[in-house]
Structure formats: structure tokens, C-alpha cells
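Below: one structure, written as C-alpha cells.
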Amino acid sequence: MSAQQKLVLGYIGNGKSTNRYHLPFALNRPEKVLVKTIYQRTLRPGAWAKIPGVYYTDDLAKLLNDPEIQAVVVCTPSASHVTMARQVLLAGKNCVVEKPFATNVDEAAELFSLAKEKGLTVQCYQNRRFDSDFLTTQQVIASGKLGRIFEVNMHYDYYRAYVPEGEKEYRRDNAFLYTHACHTVDQVLSYWGKPLTVKADVRQLLGRGRMNDYFDIDMFYDGFKVSVKSSYFRAKPRPSFEVYGSQGTFIKAEQDRQEADLKKFYLPQGHEDFGMDLPEHYGTLIYYDQEGGYHEEKVPSAQGDYARFYDALYETIINGVPPLVTEEQTMEQMRILAEAGKDLG
């Protein structure tokens, strides 16, 4: 593959998001992706080592005006996502926006409208579609061993009480609903599509006017319900996935392990076991077969790989394939989050 066929990228922001959740995966596709420029508001030594061959700048115009850069990834604090994405699109670049894509429906719609006007693409970085627990759950459902699906519970729990306790006022841009439900709601929409109805219980556990630190969103489909739940006050996290069907149950207690490896700076480059579950992390499938026989077995986990987002981005920008994360999916997510959080404040 020649250099001219590579997808040339720039990044706005040089913090944890860029260095932990993007670069390890973009750089793991050297035959497809070239990371050319990273913009940092103030150039200074930091916790993240510079990537050899990448140009670092504190002049945003040098990134936006570079004719070789085809797409720019926005990895700034969430409050600035829309402003930065708007600048990228106005500069004639395709754009990827970290989660949350926006904090209200109108802002999201504005970005899609601007992208269409400019003949460009704008997507939200929904890497969690490639979590191993989510992929494994899909495989179990597709196997048919659970029979007709009645209920799915998805949990994304922490015990980080210091986070909401340290916030003394409510801000939409750091609400748990927008910064974390954006992961799981997208997973639901990507696999099951638009729900028939939605009910939500979204709370400020420390009181009105404090940070939103809890959500429980039920999405109803024809004959089954999918619930996404999360809290900062879970000293023992609930299973990542629970699936209940007419013939059995699947429980995946452990979350995807890519993030755990990234936190230890154990990166995908050169490590075939990156993010891979060990047998003790496998989910448990319990089901009855057509003859009434009982089965209980461990299910080897599918391999998660966030670089698959960059594979899809390459196909969209270089080969004209429709975007992985569609406008309809992002707008539906924004509508669900807006309705769920309408009483926060």
C-alpha cells in the first residue's frame, strides 16, 4: 500500500484521550493510517512521550490548513467538542469527535448539517462497539442457545465516590449521563436499533444541584427490554452483561480488558495478548437444549480491538464506505440522553 493511500490524521488535544484511547490503535494500523500532527494548546513536557515522526504544534492553523491531513480527531475536554468540531469542518476536514459528541440535540444536528454542506463526514468515536464483552454477548445471542431474548442488563459501574463528591455544582458537560451512558446507549442502538419506547431514572445521589452520578435507562423493543445502568457508588460492580432468554442465561461478569492494559501502558503494538481475557474472565452460559438437557459452560471471549474503528474510518474516507457510526444513531442517542436528563439541574 503506497503512502498516498494512507489515511492522514491530525489530533486536537494531547492528553489521556489522545494518548490512551486513540494513538495506540491508530498507530497499530501503519499500513492504513498515518498520524501526522498533534495540536496541544500549550507545548510543554508532560506525562505522554512524544511519538517519533509526529509533528507537535501549539498553532491550530498549521493543523487545519495542512492539505495532506484528511481527517481530524477532536480529543479536547467535552465542553469544547462542538466548538472544535465546527472549526475542523469549516476548515474542510473530515472530523471524528470523542464522546460525548455534543451536550444537546441542536448542537449535534448543527454539526451534521455543516458536514453535509461541506461534503464531509463527522462521526462520534464509538470505540466501545469493539469491547470484548459486548462482542461476546452478541455471539452468544446469535448462537440461538438462549432462545427468545426477554431481557438484557448492561452495567458500567465504578466506585469513585471522590468524583461526584468533588463536584459542587451541576454541569451538563460532565454529567455521568453524557460522559458514560454515551458508551452503552450506543452499543444498544448499534445492535438492536431504535427502541420503541424509553424510560429513564437519572439521579443526583448527593442532592439537587450536584453532579449527575447515576443512571438507569430502559429501552423497550418488540418483546424484550435492554437496560443500561451505571453509578459512581458501586463498591462491587454488577456483571457487565446479563442476558435472559426463554432457554437460558448468559452472564459476563468482567468488562473488556483493553482499558486495564492501557492503564498499565501495555499497548497493542507488539502484544498479541493485548486486552485478551484469561479463562477466569470468561462469561458463563447456562441453557436447556431442545431435548431438555441442561448445559453450563464457559464461553471464550471474543477479541476486542478499538483499532477496528480506524479500519472503518479508513474505508469511509478513502473508499467511500458509509460511516460506521451513522448520523441517525448519533442523533437518536442524543435524543435519548436529552430526554433522560431533562430534569437535572
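The values are calculated or read from the model by the stated rules, or taken from the named source; none is laboratory data. Just so it is clear, the structure is predicted and the values come from calculations on it, not from any experiment. FYI the Cβ positions are ideal-geometry reconstructions off the backbone, even for glycines, and counts take in every protein chain you see.
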Test: residue in the stretch 264-283 that is closer than 25 Å to Ser190 by Cβ, basic (Lys, Arg) and under 22 Å from the mean Cα position of the chain (by Cα): no
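Kindly indicate whether any position in the stretch 277-294 is modelled with pLDDT under 95 and not acidic (Asp, Glu). Break it down into steps so the answer makes sense when it comes.
Of the residues in the stretch 277-294, the ones modelled with pLDDT under 95 are 290.
Those still in the list that are not acidic (Asp, Glu) too: 290.
Yes, because at least one residue in the stretch 277-294 is modelled with pLDDT under 95 and not acidic (Asp, Glu).
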Given (1) modelled with pLDDT of 95 or more; (2) crowded, with 18+ Cβ neighbours inside 10 Å, number of the condition Thr103 does not satisfy: (1)
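Right, Thr326: touching a residue at least 12 places away in the same chain (Cβ under 8 Å), of a type in the set (Ser, Thr, Tyr) and outside the structural domain of Asp186 (by TED's automatic domain parsing) or not?
Values: touching a residue at least 12 places away in the same chain (Cβ under 8 Å): no; of a type in the set (Ser, Thr, Tyr): yes; outside the structural domain of Asp186 (by TED's automatic domain parsing): yes.
In short, no.
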Test: residue in the stretch 70-89 that is of a type in the set (Lys, Arg), within 19 Å of Gln187 (Cα to Cα) and surrounded by 16 or more Cβ atoms within 10 Å (Cβ to Cβ): no
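Matching residues to (1) surrounded by fewer than 19 Cβ atoms within 10 Å (Cβ to Cβ); (2) under 21 Å from Leu146 (Cβ atoms):
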residue	(1), (2)
Ala260	yes, no
Pro268	no, no
Tyr288	yes, yes
Glu291	yes, yes
Within the stretch 180-216, tally of residues that are part of a loop (DSSP other than H, G, I, E, B) and among the hydroxyl-bearing types (Ser, Thr, Tyr): 0
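Quick one: would you say Thr184 is modelled with pLDDT of 95 or more and either closer than 20 Å to Asn127 by Cβ or of a type in the set (Lys, Arg) (or both)?
Details: modelled with pLDDT of 95 or more: yes; either closer than 20 Å to Asn127 by Cβ or of a type in the set (Lys, Arg) (or both): yes.
Criteria met by Thr184.
Going by what's in this entry, would Lys50 be described as at pLDDT below 95 and under 30 Å from Asp273 (Cα atoms)?
Answer is yes for this residue.
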Criterion violated by Lys116 - all others in (1) more than 18 Å from the chain's Cα centre (by Cα); (2) in contact (Cβ under 8 Å) with a residue 24 or more places away in the chain satisfied: (2)
Which listed residue, of Asp58, Asp106, is in contact with a Lys or Arg (Cβ under 9 Å, 6 or more places away or on another chain) and not polar (S, T, N, Q): Asp58
Filter result for the condition that a residue is of a type in the set (Lys, Arg) and closer than 30 Å to Leu23 by Cβ, over Arg203, Arg257: Arg257
Among the residues listed as Leu313, Leu324, the single one being part of a loop (DSSP other than H, G, I, E, B), within 23 Å of Thr121 (Cβ to Cβ) and under 17 Å from the mean Cα position of the chain (by Cα): Leu324
Index of the failed condition, Lys50 passing every other in (1) more than 22 Å from the chain's Cα centre (by Cα); (2) surrounded by 22 or more Cβ atoms within 10 Å (Cβ to Cβ): (2)
Answer residue from the stretch 108-167, given it is touching a Pro at 6+ places or on another chain (Cβ under 9 Å) and part of a loop (DSSP other than H, G, I, E, B) and is surrounded by the fewest Cβ atoms within 10 Å (Cβ to Cβ) among those: Tyr158
